[in-house]
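One structure is given here, and the rest of the page talks about it.
The values are calculated or read from the model by the stated rules, or taken from the named source; none is laboratory data. Everything numeric in this text was worked out from a predicted model, so none of it was measured. FYI the Cβ positions are ideal-geometry reconstructions off the backbone, even for glycines, and counts take in every protein chain you see.
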Amino acid sequence: MSVIPVDAAAAPVDPAAVAATRRRLLFLRNGKSRLGIAILLGFAVLAVIGPWIAPYDPSALSRDVLQAPSGAHWMGTTHTGQDVFSQILVGTRGVLVVGMIAGVVATALAVLVGVSSGFLGGLADEILSALANIFLVIPALPLVIIITGQLPDAGGITVALVLAFTSWGWGARVLRAQTLSLRKRDFVEAARANGESTWRIVWFETLPNLTAVIAASFVGTVTFAILSQVTLAFIGVTSISDWNWGTILFWAQSNQALARGAWWWFVPAGLCIALLGTAFTLINFGIDEFVNPRLRLAGASARSLRRRGIVPRIGFTAVVRDTGCPPSGPALDRPALALSKEATR
Amino acid sequence: MTPEPVLEIRDLAVDYGYGASPVHALRGVSLTLHKGEVLGIAGESGCGKSTLVYAATRLLPPPGVIVGGEVRFHGDDGPVDILRMTDQELRAARWQDTAIVFQGAMNSLNPVYRVGRQLTDAIAAHRPGSSRAEREERARELLTMVGIAPERIRAFPHQLSGGMRQRVMIAMAMALEPKVLILDEPTTALDVVMQRQILEQVMELRDRLGFSVVFITHDVSLLIEVADHIAIMYAGEIVEQARASEVYRQPRHPYSHGLLHSFPPLHGPRRPLAGIPGSPPDLQALPSGCPFSPRCPEAMDVCTDVHPDLGPTAAAEPGRRVACLLHTEGRTLPASLSV
Amino acid sequence: MRFVLRRCIFYLVTAWAAVTVNFVIPRVMPGDPVQALINRYQGQLSTDAVESLYALFGLDPDASIWSQYVDYWGRLFAGDLGLSFTFFPTPVADVILQSLPWTVALVGVASVLSFAVGTLIGVMIGWRRGTWADGILPVTAFLSAVPYFWLGLIAIMLLAVTWPVFPTSGGYDGGLVPGLYPEFIGSALWHSILPAGTVVISSVAGWILGMRNMMVTVSSEDYVTVAQAKGLPERQVMFGYAARNAVLPQVSGFALSLGFIVSGTLVMEMVFSYPGVGFVLYQATGGQDYPLMQGIFLIITLAVLVANMLADVAYVLLDPRTRQEA
Ligand SMILES: Nc1ncnc2c1ncn2[C@@H]1O[C@H](COP(=O)(O)OP(=O)(O)OP(=O)(O)O)[C@@H](O)[C@H]1O
Ligand SMILES: [Mg+2]
């Protein structure tokens, strides 16, 4: 029994649909997640080539002090004449690397704790899920601050590990709920009846069906880690010598960029964070609709529905009399529909 | 006395899916329910029985969409087409004209409201003049009617057993004494004794109040016993329609024949049990011609080309219709369908 | 009752865990931040302060870990969290007590407001899906991705610097003496609009999205169709049947995200120099004031636990299934 019943994320997962993920990553057909992935890829490219294409050394001082954006300095300069654009470019790598490391480690922890507690049940489940809930309830930021504040060197990797350590609770909780519902499924029961070992069942029967949920939890953790890391840098708890978007904001804030009206100093960094975060959220939209078939509108775009005058409502079935397409006859097997068909079987 | 119709369904067509290639779950279904009659609908799982009654009440959930036909309800002031009603008209008419007990009544109750509240809120919505005490009284009466202690009015759904929940749903459907009562496998979670008891209760009420019943069940022998008329559905179409006793004695469609012989009769002479070979077709890829032809023991060459329409039987029995090419003029019926 | 009992045990365990984490962290950290501190404050630290530091950080080589632990709990129950360096020689407990009401008020108002508004919007767009309302979703995605503090910066820039409508910082007019009189309260409210507003805007997106998805999920439950079949008024079906059930996971989500919201608000206080715990934490990190930082962590955690309990009570009141006797 979960401590608090019913989770949004614990909505029924359709095994057939999840199996389909493995075959053809259907959620990539979702417009929202495609946009998200495109933005993410853009940032990933910047993370790799950023330091090379940066027009200036981000730390180099110059005589162009507090310049508004211009042809020479696309995003203006700081009070010591550093080029903000170069700082953003160079800082991208740190942000992404920390986010990814934290995401990978936290997701691994979440899978370990969530799946085992869902599978073992009994006392082990009680203890593990209580542990996950404790980490969920304790406010992460003050905890991270006291940990990183007392570390002699709070560089990128350290911050990533601390963030991972404090942010795995949510994923573990969702995964546990999913594992519990999977465990009752026929195919897992069948594997049990066949005498397959627990670890074999976990590895080959359960984990593949959790892929989408694991992906969602990974994406969620990365978003959280990026936001936290930037926040920590902004407060000045972590090393301020590495460039990342948070350090730019730290320097902007501590040098009264606001009062001096130097909007170019802090607007670009924030927009980059927001854009990256939006990309992750959009990817998660796609995964959500994939995992929970009820969120999908059976192969139709909102626009085409409006054009046909259909409002998909509960309790008032739409009546359309546009006999444009002749009834019956073998239909084309469109992917979206193939999926919804599987969902009803 | 010519029976008056209450609910007339004409050429109802329903699709699932809003995309470019929807599933045509119902294709031109016509059916008439008369006053005071019990109409049974039978057919294999997935043939569209629930879809039919949901569409006729406009309760079909997305992605279902009605793409044609009409559903005429004969109320006190003349017939109205349910499919052309505005939301307000529909709301006002619901539960008074047609009440429905859903398949899987397990999830039909709101888990956070007490049973009493759910019984009375429909009464309150349709009879704004009624007092609270009156509504409570009615709720108790309804519960007693379905064999549940009236004190259970204070219970939450999770405190009731599955069968009790189904009975609450039946009680709820009776709350406004509707003209048409639709029961979609209402008794699946009940034991045989309780099942009979409830049905007898409903039938007794029908005799007293004179409403009509649409009854869907997989238990064909039960259906034949309680229904006056029976419609047999296959893959989203009606293939045979007749008086219950006639269908039982002499099915005219090969599918009805197969369906009747896959259940042991409750009464009467024993007969050999036989299933129907094969499985229901994929609605997405229906065979051409008669949808039943691939499984039909009597299939002819034309069956794969020509789609049969619902029409009179070969013997032109009154009130009987069948959709099978065997009944076209000049063909001889096989022995199994002609006795 | 079993549900309540389980939750109580859970809170006790969590509180114990928070205290223990607080005890363990300084002892397992590499390096010796405290010795560095003592050196830095050479001569300025009273023996009192040094002693409390020793106790807090376990620098006393004679005491075993266990006796240190017991000692630590003893001090805690006596309300002794050590002395603050930044506000030397004020005890940590006093510093926190002074700033806590500000934070509680800010977080309380902002998070409840954002929950209510977000849930309501979520109900609306979840109920009317497939209409223009779905267009709100990408906007919420963007809003939920913006860091709280950055939105705060933008708000200050636009509404306090460029168009000076609101004050840029602080919790009340500097000329007033804190107290419970109308002028002061008015000034405090005026100062809180911008920070609270930014917290609401940046956290509302999550509630909208969560509620929208739950509405869509719950709407396909049979009981909603039954409610429509009964011909109940639209509002009754939408709120009484769909939203009433969809809000349950939302409430447990509220409990679980409190820690996150509080963290966000703390940073917001830093940006607005709001006289709450967050701003004190900011000063503490700047001055490497470990006793203060740890005290704040502890108090914030306990406060979040209390808020969680309130959310649990709400949950029990809302969901009859939890009230079932085991
Ligand atoms: N959401 C949906 N999307 C696509 N097809 C659907 C959907 N819902 C139902 N169908 C299809 O419509 C057909 C009719 O379903 P319906 O529920 O009416 O069957 P039924 O006769 O009531 O079956 P049962 O006896 O099992 O209740 C089925 O073949 C089903 O696959
Ligand atoms: Mg059905």
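Checking the conditions here, which among C:Gly240, C:Gly287 is under 30 Å from A:Ala259 (Cβ atoms) and over 14 Å from the mean Cα position of the chain (by Cα)? Break it down stepwise before answering.
Numbers: C:Gly240 fails: under 30 Å from A:Ala259 (Cβ atoms).
Selected residue: C:Gly287, the only one of C:Gly240, C:Gly287 that is under 30 Å from A:Ala259 (Cβ atoms) and over 14 Å from the mean Cα position of the chain (by Cα).
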Query raised in the report: Tally time: how many residues in the range C:272-326 are touching a Pro at 6+ places or on another chain (Cβ under 8 Å), modelled with pLDDT under 85 and aliphatic (A, V, I, L, M)?
Result: 0
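Inspect the range C:238-251 for any residue being in the same structural domain as C:Ile125 (by TED's automatic domain parsing), under 19 Å from C:Ala105 (Cβ atoms) and either in contact with a His (Cβ under 7 Å, 6 or more places away or on another chain) or crowded, with 24+ Cβ neighbours inside 10 Å (or both) and give the result as yes or no. Walk me through it before giving the result.
Initially, the range C:238-251 is screened for residues in the same structural domain as C:Ile125 (by TED's automatic domain parsing), giving C:238-251.
Checking which are under 19 Å from C:Ala105 (Cβ atoms) leaves us with none.
No, there is no match, as no residue in the range C:238-251 is in the same structural domain as C:Ile125 (by TED's automatic domain parsing), under 19 Å from C:Ala105 (Cβ atoms) and either in contact with a His (Cβ under 7 Å, 6 or more places away or on another chain) or crowded, with 24+ Cβ neighbours inside 10 Å (or both).
Please note which helices (runs of 4 or more DSSP H) are completely contained in the range A:103-188 and include at least 2 residues that are closer than 21 Å to C:Tyr282 by Cα.
Working: elements: A:122-137, A:140-150, A:156-167, A:169-183.
Ranges flagged: A:140-150, A:156-167.
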Report summary line: The correct count of residues that are within 13 Å of ligand 2 (Cβ to nearest atom) and more than 20 Å from B:Asp81 (Cα to Cα) in the range B:15-41 is 2
Query raised in the report: Any chance the range B:48-62 includes a residue that's of a type in the set (Val, Ile, Thr), touching a strand residue (DSSP E or B) at 6+ places or on another chain (Cβ under 7 Å) and more than 16 Å from ligand 2 (Cβ to nearest atom)?
Result: no
Query raised in the report: Out of (1) free of Cβ contacts under 8 Å to residues at least 40 places away in the same chain; (2) within 14 Å of another protein chain (Cβ to nearest Cβ); (3) part of a loop (DSSP other than H, G, I, E, B), what's the single condition that is false for B:Pro3?
Result: (2)
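Got a sec? Which of B:Val101, B:Val65, B:Val53 is within 14 Å of chain C (Cβ to nearest Cβ), closer than 21 Å to A:Gly309 by Cβ and within 16 Å of ligand 1 (Cβ to nearest atom)?
Values: B:Val101 fails: closer than 21 Å to A:Gly309 by Cβ; B:Val53 fails: closer than 21 Å to A:Gly309 by Cβ.
Result: B:Val65 is the single residue among B:Val101, B:Val65, B:Val53 that is within 14 Å of chain C (Cβ to nearest Cβ), closer than 21 Å to A:Gly309 by Cβ and within 16 Å of ligand 1 (Cβ to nearest atom).
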Query raised in the report: Restricting the range B:2-39 to residues that are basic (Lys, Arg) and more than 13 Å from ligand 1 (Cβ to nearest atom), which is nearest to B:Gln201 (Cα to Cα)?
Result: B:Lys35
Report task. Consider B:Val67 carefully, then state whether it is touching a residue at least 12 places away in the same chain (Cβ under 8 Å) and within 16 Å of ligand 2 (Cβ to nearest atom). Result -> no
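Does B:Glu44 fit the bill of being in contact (Cβ under 8 Å) with a residue 60 or more places away in the chain and within 14 Å of ligand 2 (Cβ to nearest atom)? Lay out the reasoning, then the answer.
Values: in contact (Cβ under 8 Å) with a residue 60 or more places away in the chain: yes; within 14 Å of ligand 2 (Cβ to nearest atom): yes.
It is true that B:Glu44 is in contact (Cβ under 8 Å) with a residue 60 or more places away in the chain and within 14 Å of ligand 2 (Cβ to nearest atom).
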Query raised in the report: In the range B:179-205, what residues are more than 16 Å from ligand 2 (Cβ to nearest atom) and among the aliphatic types (A, V, I, L, M)?
Result: B:Val180, B:Leu181, B:Leu190, B:Val192, B:Val193, B:Met194, B:Ile198, B:Leu199, B:Val202, B:Met203, B:Leu205
Query raised in the report: For B:Gly78, which of the numbered conditions (1) away from chain A (no Cβ under 14 Å); (2) at pLDDT below 90; (3) within 16 Å of ligand 2 (Cβ to nearest atom) fails to hold?
Result: (3)
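Here are some residues: A:Pro139, A:Pro208. Which one is under 20 Å from the mean Cα position of the chain (by Cα), at pLDDT 75 or above and more than 19 Å from A:Asn292 (Cβ to Cβ)?
On the way: A:Pro208 fails: more than 19 Å from A:Asn292 (Cβ to Cβ).
So the residue among A:Pro139, A:Pro208 that is under 20 Å from the mean Cα position of the chain (by Cα), at pLDDT 75 or above and more than 19 Å from A:Asn292 (Cβ to Cβ) is A:Pro139.
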Query raised in the report: Among the residues of the range C:149-172, which ones are buried (at least 18 other Cβ atoms within 10 Å of the Cβ), more than 22 Å from the chain's Cα centre (by Cα), more than 10 Å from every other protein chain (Cβ to nearest Cβ) and not aromatic (Phe, Trp, Tyr)?
Result: C:Leu159, C:Pro167
Requested in this report: Evaluate the following for B:Gln103: is it surrounded by fewer than 23 Cβ atoms within 10 Å (Cβ to Cβ) and within 16 Å of ligand 2 (Cβ to nearest atom)?
Outcome: yes
Requested in this report: Residue by residue through the range B:127-157, note down the ones that are surrounded by 14 or more Cβ atoms within 10 Å (Cβ to Cβ) and within 12 Å of another protein chain (Cβ to nearest Cβ).
Outcome: B:Arg127, B:Ala155, B:Phe156, B:Pro157
Requested in this report: From (1) of a type outside the set (S, T, N, Q); (2) farther than 29 Å from C:Val19 by Cβ; (3) out of contact with any Phe, Trp or Tyr (no Cβ under 8 Å at 6 or more places or on another chain); (4) within 14 Å of another protein chain (Cβ to nearest Cβ), pick out the condition that doesn't hold for A:Glu126.
Outcome: (2)
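Residue check: is A:Ala269 at pLDDT below 70, part of a helix (DSSP H, G or I) and either within 16 Å of ligand 2 (Cβ to nearest atom) or more than 7 Å from every other protein chain (Cβ to nearest Cβ) (or both)?
Details: at pLDDT below 70: no; part of a helix (DSSP H, G or I): yes; either within 16 Å of ligand 2 (Cβ to nearest atom) or more than 7 Å from every other protein chain (Cβ to nearest Cβ) (or both): yes.
Judged against the criteria, A:Ala269 is not a match.
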Query raised in the report: more than 8 Å from every other protein chain (Cβ to nearest Cβ), closer than 24 Å to A:Ser33 by Cβ, more than 20 Å from the chain's Cα centre (by Cα) and at pLDDT below 85, is that true of A:Pro312?
Result: no
Query raised in the report: Looking at B:Leu190, B:Leu160, which is the one that is surrounded by fewer than 23 Cβ atoms within 10 Å (Cβ to Cβ), away from every other protein chain (no Cβ under 14 Å) and away from ligand 1 (no atom under 16 Å from the Cβ)?
Result: B:Leu190
Requested in this report: Having 3 or more residues that are out of contact with any helix residue (DSSP H, G or I) (no Cβ under 7 Å at 6 or more places or on another chain), more than 10 Å from chain A (Cβ to nearest Cβ) and at positive phi is the bar; report the helices (runs of 4 or more DSSP H) wholly within the range C:203-321 that clear it.
Outcome: none
Report task. Would you check if B:Leu12 is within 12 Å of chain A (Cβ to nearest Cβ) and within 13 Å of ligand 2 (Cβ to nearest atom)? Result -> no
Query raised in the report: Condition test on C:Gly74, is it in a helix (DSSP H, G or I), modelled with pLDDT of 75 or more and away from chain A (no Cβ under 14 Å)?
Result: yes
